[in-house]
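These notes are about the structure you will find just below.
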Amino acid sequence: MNMTNNPSVATTTASRRLPAEWENQDCAILAWPHENTDWAYILPEARRCIAEIVRAIADAGECVALVGPAEFCLDSIREQNFDSSRVRFFDLPTNDTWARDFGPITVESDGSKLLLDFKFNGWGLKFAADKDNLITSRLNALGLFAHRVENRLNFVLEGGSIESDGKDTLLTTAECLLSPNRNGQCSREEISEYLRKAFGLNHILYLNHGALIGDDTDSHIDTLARLAPNDTIIYCGPGDAGNPNHQELAKMKEELSTLRTPSGQPYNLIELPLPDV
């Protein structure tokens, strides 16, 4: 489809809905670890782990699209000794394994599913992303998707940077979405308006705190706070005062207490312990 070069003037999509994370899924996309990924120093262990994840998803009855060198994928899957008939292999080059961030984002539109293909630029130009940015279009060309793919490559967005309640609310972080190396040509108001139209939303919540030391994603919301059913937010607690992330997470905790649902009610907040290093 034709897209304007100005992300703030996106096509009106009032009938759209961004499903919540806990809703039923048709397929999971996973990318295979190779020697040029983050996992190079523990490659055999990483491959065994991904193969176990593939087996678990397939055992649950869902389809898995596994992207990467076919011969290595097949060897590790065979070692798991399970029925891999629900696994489809796509021999495509990747930069890394973070399919949640470079893969398509699904919305419901007029009763059918639509896959949005956003631009992925290596979390704000930190890492090479030339191959990962093409995965959605290449999988579409190879016939993986039964639904239409919409070109949104004029806007940088990673799946891990947004959370939906499946109704009308999106939760994200200012640190990530307002990063100058993503959509720096746009103001906060323009980015919010783009998200409203792309996902059919009215209620967008930004967290301004929660930055973790060493986090290359610039505060992806999926490492900090997750929307859950019944107006609930599950979040990462600040831990003890000796933790280097304590101050930022304490500020985030306070900020979460000020957020309100579309009806003006506070969210039910559930704190989880901060994982150690």
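Bear in mind that the values in this text are calculations on the coordinates, not laboratory data. Given the structure is predicted, the values throughout are model-derived calculations rather than measurements. As a convention, Cβ positions derive from the backbone with ideal geometry for all residues, glycine included, and neighbour counts pool all protein chains shown.
Structure notes:
- Alpha carbon centroid spacing (whole Å) that separates segment 59-73 from segment 36-58: 11
- The C-alpha atoms of the chain occupy a region whose extents along the principal axes are 52, 51, 35 Å, arranged from largest to smallest.
- Residues 118, 82 arranged by fewest to most Cβ contacts within 10 Å: 82, 118
- Taken as Cα centroids, segment 229-255 and segment 159-198 sit 21 Å apart, rounded to the nearest whole angstrom.
- Share antiparallel - DSSP beta bridges, segment 99-217, percent rounded to 5: 40
- Taking 4 °C and 1.567 mPa s as conditions, segment 123-241 diffuses translationally at an estimated 82 µm²/s according to Stokes-Einstein applied to its Kirkwood radius (Cα pairs).
- Semi-axis lengths (Å, descending) of the ellipsoid that matches the C-alpha gyration tensor of segment 183-277: 25, 18, 11
- Antiparallel bridges, percent of DSSP beta bridges restricted to segment 136-277 (to nearest 5): 40
- When the chain is treated as a Gaussian network with alpha carbon springs shorter than 10 Å, the biggest mean-square fluctuation among 211, 28, 141 belongs to 141.
- When shorter helices are ignored and each DSSP H run of at least 4 residues is given -39500 (n - 2.57), the per-residue value for the chain at 222 nm works out to -7500 deg cm²/dmol.
- Proximal aspartates and glutamates relative to residue 197, as straight alpha-carbon distance under 18 Å, when same-chain residues fewer than 8 apart are discounted: 108, 110, 117, 150, 158, 163, 165, 168, 189
- 5 angstrom amide H check on residue 116, placed H, neighbours 5+ away: 105, 106, 107, 150
- Binned Cα-Cα distances of segment 1-140, short to long, each 5 Å bin given as a whole percent: 2, 9, 17, 20, 19, 15, 9, 5, 3, 1, 0
- Among the cysteines of the chain, those with no neighbouring cysteine Cβ under 4.7 Å are 49, 73, 176, 186, 236.
- DSSP beta bridges fully contained in the chain are about 35 percent antiparallel.
- Proximity of backbone amide H atoms, modeled 1.01 Å from N, is registered between residue 127 and no other residue at under 5 Å, excluding neighbours fewer than 5 places apart on the same chain.
- Exposure proxy ranking, count of Cβ atoms within 10 Å, fewest first, for 257, 84: 257, 84
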